[in-house]
1. Quick check on my filter: what residues within segment 172-209 are over 22 Å from Leu151 (Cα atoms) and over 23 Å from the mean Cα position of the chain (by Cα)?
2. Take Val158 and decide whether it is at pLDDT below 90, within 24 Å of Lys241 (Cβ to Cβ) and not in a loop (DSSP other than H, G, I, E, B).
3. Could you figure out which of (1) assigned by TED's automatic domain parsing to the domain that holds Ile365; (2) under 22 Å from the mean Cα position of the chain (by Cα); (3) assigned to a helix (DSSP H, G or I) isn't true of Val313?
4. Confirm whether Gln253 is buried (at least 17 other Cβ atoms within 10 Å of the Cβ), under 21 Å from Leu165 (Cα atoms) and among the polar types (S, T, N, Q).
5. Just a yes or no: is a residue in segment 448-456 part of a loop (DSSP other than H, G, I, E, B), surrounded by 20 or more Cβ atoms within 10 Å (Cβ to Cβ) and either in the same structural domain as Ile365 (by TED's automatic domain parsing) or small (Gly, Ala, Ser) (or both)?
6. What residue, among those in segment 270-294 that are closer than 19 Å to Ala338 by Cα and free of Cβ contacts under 8 Å to residues at least 40 places away in the same chain, is surrounded by the most Cβ atoms within 10 Å (Cβ to Cβ)?
7. Scan segment 17-37 residue by residue and report those that are farther than 11 Å from Asn56 by Cβ and not in a helix (DSSP H, G or I).
8. Could you list, in sequence order, the residues of segment 170-179 that are surrounded by fewer than 21 Cβ atoms within 10 Å (Cβ to Cβ) and either in a helix (DSSP H, G or I) or charged (D, E, K, R) (or both)?
Amino acid sequence: MLKATRSEEGDSADALLAMANSSNVIFQRSAALAFLQISDKDNAKIDCKGLKPLLNLLVSKSDDVRILALKSLYNFATDDNNARLVVLSGAMVPLISLLMQPVKFNKRCLNIEAYVQILIALSLDQNKKIIASSGFLVPLLSLTQSEDAKLQMGATMVVKELAQLTENRQLLVDAGTIPIVVKLLKSSNFEVRISSVVILNRIAFDTLRPEILAKIDIGIVTSIIALTALSTSTAKQEAGKAFFCLAHEERFQNEIVKRGGLESLQSLLLSTDQDVILVSILSINLISDNPLHQSRVIDGDFLERLSELLGNVNEQIQERAASTLFRLSHYGELGKAALVNAGVVERARALVQSAPPEVQGLMTILASTLTDSDKLRPRLVPLGILDIFIVCTASQSANARGRAMDAINKLLMNLPDCQPFIDTWEAPAGGIHGSLLRFLESTDESYRKRALGGVVLMLKGKSVSLRNLVKNSTKIKAAVKRIAQVSGNASNGQPKWEMNHLFNDIGAYNVNAAKSILNIMGENGR
C-alpha cells in the first residue's frame, strides 16, 4: 500500500485507511495530514490500494480536506511510476470535478493544484492517451472558456499537452476543440493565445486536412497577425506555422494579403531565429505561387531579404528562398527586372560554388528564367550569370547540370557578342571548356547531345576567336572522335536491346553530330 517507511505498516496503515474512509470530517482531515506528511518524504511511493482512500478524500465535503489531498497527490505524482498509477486508478474523475468547482474554491487551491497534478500526469505519453479517451475532454474544454483567467489558462495548457500526442488529435477534433481555440486566440491572456495557436498547429494543421481548414473561420487570420507582434520567438514561430498552413488555401491567402499579413511575414523574415525564418519563408513561398499576389510580394521589399537568404546556413531556407525568387520571376518583365535590381544574380554568383546541390538546381532554373528576357539579357551577362551556369554543369544535382548546359546553349543562340564565352573559357570551375568536356565525356547520351549542340553553335558562330578556341582544344577533339566511333551507350552495361533502342534514337543523333563536327574542324578521317 503506502511504501514510505516500514513503521507505517500494519496497525498504523489500517488506522489511516479507516480515517480516510470515514464520513467524519475531523477524521478525514487527520488522514489527509498524514498522507501529506508521507508524500513530503523523498522518493515516497504509493500503490493503487493506497490511492483509493486518498481519492476518497478528494471528494470530501470539506474544502480543507480536498486541498490537503490534492497536495499529497501532487507530491506522490512527481514520481513517474506514481503518476502512471494516479491515471490508472481513476483519479482523473475527481480531479476534473475539482477543476469544475466554483472559482472561490479554485483560488484557495494555490494555483489550482488539481491542474498542476494533471500536467504532471501528462508528462507520460501513455497517460496522455488514457486521459484523452477517458471522457476528460468535454469538461476540460468547458474549462477553457472559464471567466477565471488562471483556470482558463490552466485548462488550455492541459489541452496543449494532450495535443502533443498524435493519437489524441482526432479525439480533440471530435470533441469540438478547433472552434473553441480559434476563439481563444483573441484572449487577452498571452499564455492562452500561445497555447491556442500551438493546439491549432498540432491538431488542425499538422496533417493539412482540407475538411478541417474548410471549417475554420476566416477571422482567424487577424488573430494570427496579432500574434506575430508578440516579442517571444515561440509566438512568432507558432504564428508562422499557422500562416504556412492557412496559406495552402486561396481564401486564407487572400485574407492574409488583405489584412496586412505580408507585412507581418516580412517582420518574421527579418528575425535572427532560424525556425522563425523558415516558417515565414514557407508561407511567402506559397503566397508567391499565386499570380494574384506576386506583385504585392515584389512591391513589399521582400526581394533583398530573399536574396540574402540564399546564403543562409539552413539548406531548407536556402531552397525556399531560391524557389520563391523563381516563382516571382514569372511575374512578367517587371518581376524579372525587380529580381535583377535586388541583386539576385550577383548574390547567386557569389554563393553558387558552395551551395548544396538542390540549391544549385534552383539557382540554375532561376537564372535561366531571367535570361528569357530579351531586355534583361544584356544586363545579365556583365553581372556574371554565365558563371552560375558554368559552375552548375559540375553540380552533383542532375537537374542543375542539365539545365545549366541548356542555359549556356540558349545564351549562345541569343547573345550577339560571344566575348563572355571567350572570357570564361577556362574559369570558373574549368570554364566553358570544362563544361563542354564534362558533358562530352559523360555516358549519358542526353548530356552528350547538349555538349555537341554547344560545340556546333560555337563552330558556326560569328566569333573567330571562339571558333579557334574550340578547334584548338585537343581534349574536345578527342572526346568528339570517341563519340563518333561509339555505337550508343555500350559502356553503361545496358541490355543489348536497350542499347540498340538508344542508338537508333539519341545515340545515332550524337554519332552523326560528332561526325559533322569533325568535318567542320577538318578532322574527318584523321
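1. If the condition is that a residue be over 22 Å from Leu151 (Cα atoms) and over 23 Å from the mean Cα position of the chain (by Cα), then Asp174 is the only one that fits.
2. Details: at pLDDT below 90: yes; within 24 Å of Lys241 (Cβ to Cβ): yes; not in a loop (DSSP other than H, G, I, E, B): yes.
Yes.
3. Looking at each condition in turn, Val313 falls short on (3).
4. Numbers: buried (at least 17 other Cβ atoms within 10 Å of the Cβ): yes; under 21 Å from Leu165 (Cα atoms): no; among the polar types (S, T, N, Q): yes.
Here the answer is no, as Gln253 does not meet what is asked.
5. Looking for residues that are part of a loop (DSSP other than H, G, I, E, B), surrounded by 20 or more Cβ atoms within 10 Å (Cβ to Cβ) and either in the same structural domain as Ile365 (by TED's automatic domain parsing) or small (Gly, Ala, Ser) (or both), one finds none in segment 448-456, hence no.
6. If we take residues in segment 270-294 being closer than 19 Å to Ala338 by Cα and free of Cβ contacts under 8 Å to residues at least 40 places away in the same chain, then Asp289 is surrounded by the most Cβ atoms within 10 Å (Cβ to Cβ).
7. The answer is Asn24, and nothing else.
8. Across segment 170-179, the qualifying residues are Gln170, Leu171, Val173, Asp174, Ile178, Pro179.
The values are calculated or read from the model by the stated rules, or taken from the named source; none is laboratory data. Everything numeric here is computed off the predicted structure, so don't read it as measured data. When we count neighbours, we look across all protein chains shown, and the Cβ atoms used for this are built from the backbone with ideal geometry, even at glycine.
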